[in-house]
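**Q** Take this structure, written in structure tokens, and hold onto it; I'll ask about it next.
The values are calculated or read from the model by the stated rules, or taken from the named source; none is laboratory data. Bear in mind the structure is a predicted one, so any value in this text is a computation, not a measurement. Counting neighbours? That spans all protein chains shown, and the Cβs are built from the backbone with ideal geometry, glycine included. In case anyone asks, the SASA skips ligands and DNA or RNA and just uses the protein heavy atoms, side chains included. Shrake-Rupley method; radii C 1.70, N 1.55, O 1.52, S 1.80 Å.
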Amino acid sequence: MAHIDRAFRSNIKLRHLQLLVALDEFRHLGRTAEFLSVSQPAISKVLAEVEKMLGMTLFTRSTRGTEPTPAGEALVRFARSVLAQYDVTRDEIEAVASGAAGRVRVGSMGAALPVLLAHAVARLKQQSPRATVLIEEGDLTHLLPRLRLSELDVVVGRLEPAYAAPDLITEALYEEPMVAIVAAGHPLSRKARPDWGDLSRHPLVLPPPWASLRVKIEQAFVRHGQDLPADLTETSSYFAVTAFVSQRQAVGFVARSVGQQMQAEGRFHVLPMPVELALPPIGLMMLRDRRPAPGATALMACLREEAREIARAGKSSPRPRRARTTA
């Protein structure tokens, strides 16, 4: 299809791609026009222009809104990738011109966010105070599509084998077991030897049903002859875990370094019981065919340095470190 190749090489412009992404986000011509600060007829005209270039319908229109066709979905994926790479290149050029370290976009799972990533960002800020770090929290089902669209530079978290793929590079940093936590003052915080039976009698905050960690926690209850309590809250968010543990007197599960940090701050209590789960290591995930920008390279170096300290702390079990302050 020579006309499609010609359209991609010569005719498609950034404004066309921005329109397609906005239409996919809002699925409505009026809301898209409002977001882009143009008139609705202007949106219709630009969309018709792109469809004429390619010779195919990209969005179907109805009284309910707009829906992308299969061709539209493919072009939207392309548009997101191009716009994300445009942002990366622009930020990198601006950083070189200003002497700053640039902008880094990192996706983080809860196991890495409050200690490993927080300390690494503090270390980066000590080296390059003008560096900007955008952090997006979530699980791999949410973060990996963003990484593949170039909307994230690196993902930090557990290297789940089920998500391994040829287009990804993974780098293990350290092993990190789980611990059970409760709010300071919770009845279980006063018990010398809590067990899985005690956990089954309190509300639980667990990962979503599709998460491998959820399956492993459920299996641990079965191994110890216990059923899950009826009162469950499901989330993959570290912040949601801490909120529900604090406000609902629930029991939650976090990475050991995270639990130690929270206990040192006086907000939560790590239960003195083994949580024996077979877990993948904490590590980095990057796209194989993308060279990281200088800012991302600098942050990853800081993550490796912090990971070595966490690994050493796990072997010697010292008191948890407080987060660094920036100058």
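**Q** Could you check how many residues of region 114-152 are of a type outside the set (S, T, N, Q) and open to solvent by 20 Å² or more (accessible area, probe 1.4 Å)?
**A** Qualifying residue count for the region: 19.
**Q** Something else now. I'd like to know if region 51-66 contains one or more residues that are over 22 Å from T32 (Cα atoms) and touching a residue at least 24 places away in the same chain (Cβ under 8 Å). I'd like the intermediate steps shown before the answer.
**A** Start the filter on region 51-66 by keeping residues that are over 22 Å from T32 (Cα atoms), which leaves 55.
In the following step, the residues that additionally are touching a residue at least 24 places away in the same chain (Cβ under 8 Å) were identified as 55.
Scanning region 51-66 turns up at least one residue that is over 22 Å from T32 (Cα atoms) and touching a residue at least 24 places away in the same chain (Cβ under 8 Å).
**Q** Among the residues of region 227-253, how many are exposed (fewer than 15 other Cβ atoms within 10 Å of the Cβ) and among the aromatic types (F, W, Y)?
**A** Residues in region 227-253 being exposed (fewer than 15 other Cβ atoms within 10 Å of the Cβ) and among the aromatic types (F, W, Y): 1 in total.
**Q** In region 27-50, which residues are in contact (Cβ under 8 Å) with a residue 24 or more places away in the chain and of a type in the set (A, V, I, L, M, F, W, C)?
**A** Those that are in contact (Cβ under 8 Å) with a residue 24 or more places away in the chain and of a type in the set (A, V, I, L, M, F, W, C): L29, I43, V46, L47, V50.
**Q** Just one of (1) modelled with pLDDT of 95 or more; (2) within 27 Å of D167 (Cα to Cα) trips up P294, so point out which.
**A** Every listed condition holds for P294 apart from (1).
**Q** Got a number for residues in region 254-272 being within 18 Å of D198 (Cβ to Cβ), open to solvent by 20 Å² or more (accessible area, probe 1.4 Å) and among the hydrophobic types (A, V, I, L, M, F, W, C)?
**A** 1
**Q** So A120 clears everything in (1) in a strand (DSSP E or B); (2) modelled with pLDDT of 95 or more except one condition, right? Which one?
**A** (1)
**Q** Is one or more of the residues making up region 213-226 aliphatic (A, V, I, L, M), within 30 Å of C302 (Cβ to Cβ) and open to solvent by 50 Å² or more (accessible area, probe 1.4 Å)?
**A** Filtering region 213-226 for residues aliphatic (A, V, I, L, M) gives 213, 215, 217, 220, 222.
Keeping just the survivors that are within 30 Å of C302 (Cβ to Cβ) gives 213.
Still in the list and also open to solvent by 50 Å² or more (accessible area, probe 1.4 Å): none.
The answer is no, given that none of the residues of region 213-226 is aliphatic (A, V, I, L, M), within 30 Å of C302 (Cβ to Cβ) and open to solvent by 50 Å² or more (accessible area, probe 1.4 Å).
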